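Everything on this sheet refers to the single structure shown next.
The values are calculated or read from the model by the stated rules, or taken from the named source; none is laboratory data. Model, not experiment: these values are computed from the prediction. No Cβ is skipped: glycine too gets one built from the backbone with ideal geometry, and neighbour counts run over all protein chains shown. Side chains are part of the model used for accessible areas, which takes the heavy atoms of the whole protein and leaves out ligands, DNA and RNA. Shrake-Rupley method; radii C 1.70, N 1.55, O 1.52, S 1.80 Å.
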Amino acid sequence: MADKKVIAVLGATGAQGGGLVRAIMSDKTSEFTARALTRNVNSDKAKALKELGAEVVAADVDNYESLKSAFTGAYGVFAVTFFWEHFSADKEQEQVNMIAKAAKEIGIKHVIWSTLEDTRKWIPLSDNRMPTLQEKYKVPHFDSKGEAEKYFAEQKLPVTYLLTSGYWENMISFGWGPTRGENGKLAVNLPLGDRKLPGIGVEDIGKSAYQIFKRGNEFIGKKIGIAGGHLTGKQMAEYLTKALGEEVGYNAVPFDVYRGLGFPGADDIGNMFQFKHDFEEYFCGARDLKFSKSLNPELKNFDEWLKENVSKIPLK
Ligand SMILES: NC(=O)c1ccc[n+]([C@@H]2O[C@H](COP(=O)([O-])OP(=O)(O)OC[C@H]3O[C@@H](n4cnc5c(N)ncnc54)[C@H](OP(=O)(O)O)[C@@H]3O)[C@@H](O)[C@H]2O)c1
C-alpha cells in the first residue's frame, strides 16, 4: 500500500468519481490506490469508500488550499466538477482553474479531466437555432467544461481530456425513463428526433478512467471519448420493451417544448439535445464504441445495462 501511486479522486461519493474509486480498490494487484475526496468525510458514502480501503480526505472545489492539501503526495488526479450543484458556467470555470493550479503546484503526474464539448465551436452565439444562455453560452454545462480545458493547457499539465456521454442512469433519476401517457402506454419522451444518442452506464466512466491511468503516458495530451452505445430514441424504446416485457414507444419532443418544461436547467439540456441532434455525426464519432470497449473491456452496452438496472427505472 505504501508504495502504491495515489489517485486523488474528486466527486468520489458521486457517480463518476465513485466508479473510479471502486475500479481502483477492487483491483487488489493494482499499482494504484484511491484517495477519495469529499466535503464530508463522515458521510455514509464516504464511510463505504473507506471500507473498500480508500483513503478518505476532505476537499472542496471552492477552496484552493483544501485542493492543494488533498492533492499532496498524489500521482494522479481525477478531476470532475459539479455543474448541477450551482448551475453556473462561470463558477464551474473558476473551480476548474483552481483544480489545475493546485495540480500544477503539487506536481501531479497525470490529470484526467472529465470534460464535454464547448458547443460554441459548432454553434456560435450568433446562431439563433437555440437561445444563448447565461449571456455567453449555448449549452452552459458543456461549454464551461470545454472552455475550461484551457486551464490545464495553460499550466502545461500532463492531462487526458475524457469526453463522457450521457448516463443511462438519467432514466432512473433524471426523468429520461419511459412515462405512461394518457392512453396508458409507456413511451420515452426525448428531444432526439431520429438521431443517435451516445450513452453510458456511469460506472463505466470510472472504469475507463482507471484504464487510462493504467496506461501511463499513452493518453497524455490526448482527448478521448467514451460511450457504451449510440442509440436512437426508437432503439432505446425497443430495448426497454424487451427488458420490461411491456411495449414502450418513442415520442420525439420538439426542442422548444423540452426547453420550456420548466425544471431547473431545462433550457440548458434542451440546447444540449439539439447540439447532439444537429451534430450527430461528429458527436457519435468522438465517442467511438470499438475504442471504448478496447479501453474498458467490461464496458456495458444498453441491453446489458438494462439487465442490471431496469427494475430501478421508476415508471410513472
Ligand atoms: N448526468 C449526465 O448524464 C452527465 C453526463 C456527462 C457529464 N456529466 C457531468 O458530470 C458532473 C457531475 O459528476 P457526477 O455525476 O459524478 O456527480 P454526482 O454524482 O452528482 O456527485 C457529485 C459529488 O461531488 C461532490 N461535490 C459536490 N460539490 C462539491 C464541491 N464543492 N467540492 C467537492 N466535492 C463536491 C459531492 O460529494 P460530497 O457531498 O461527498 O462532497 C457529490 O457526491 C456534472 O458537471 C455534469 O455536467 C453528467
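Consider VAL77 carefully, then state whether it is at pLDDT 95 or above, away from the ligand (no atom under 15 Å from the Cβ) and either assigned to a strand (DSSP E or B) or surrounded by fewer than 24 Cβ atoms within 10 Å (Cβ to Cβ) (or both). It is false that VAL77 is at pLDDT 95 or above, away from the ligand (no atom under 15 Å from the Cβ) and either assigned to a strand (DSSP E or B) or surrounded by fewer than 24 Cβ atoms within 10 Å (Cβ to Cβ) (or both).
Out of all the residues in segment 273-298, which are in contact with a strand residue (DSSP E or B) (Cβ under 9 Å, 6 or more places away or on another chain) and either free of Cβ contacts under 8 Å to residues at least 60 places away in the same chain or open to solvent by less than 10 Å² (accessible area, probe 1.4 Å) (or both)?
Just the residues of segment 273-298 that are in contact with a strand residue (DSSP E or B) (Cβ under 9 Å, 6 or more places away or on another chain), to begin with: 273, 276-277, 280, 283-289, 291-292, 295.
Correct list: PHE273, LYS276, PHE283, GLY285, ARG287, SER292, LEU295.
Counting only helices (runs of 4 or more DSSP H) that sit wholly inside segment 114-223, those with at least 1 residues that are within 20 Å of GLY270 (Cβ to Cβ) and touching a Leu at 6+ places or on another chain (Cβ under 9 Å) are 140-154, 170-173. When restricted to residues that are under 11 Å from ALA12 (Cα atoms), within 8 Å of the ligand (Cβ to nearest atom) and open to solvent by less than 50 Å² (accessible area, probe 1.4 Å), segment 39-53 contains 1. Based on what the data block shows, is VAL56 within 10 Å of the ligand (Cβ to nearest atom), assigned to a loop (DSSP other than H, G, I, E, B) and either open to solvent by 10 Å² or more (accessible area, probe 1.4 Å) or among the aromatic types (Phe, Trp, Tyr) (or both)? Against the criterion (within 10 Å of the ligand (Cβ to nearest atom), assigned to a loop (DSSP other than H, G, I, E, B) and either open to solvent by 10 Å² or more (accessible area, probe 1.4 Å) or among the aromatic types (Phe, Trp, Tyr) (or both)), VAL56 does not qualify.
Of all residue pairs spaced 6 or more apart or on separate chains, those with beta-carbon atoms under 8 Å, a first member in segment 7-18 that is more than 6 Å from the ligand (Cβ to nearest atom) and a second member that is of a type in the set (Lys, Arg) and open to solvent by 10 Å² or more (accessible area, probe 1.4 Å) are ILE7/ARG35; ALA8/ARG35; VAL9/ARG35; GLY18/LYS45. Residues considered: ILE200, ILE220. Of these, the only one that is within 26 Å of GLY18 (Cα to Cα) and surrounded by fewer than 18 Cβ atoms within 10 Å (Cβ to Cβ) is ILE220.
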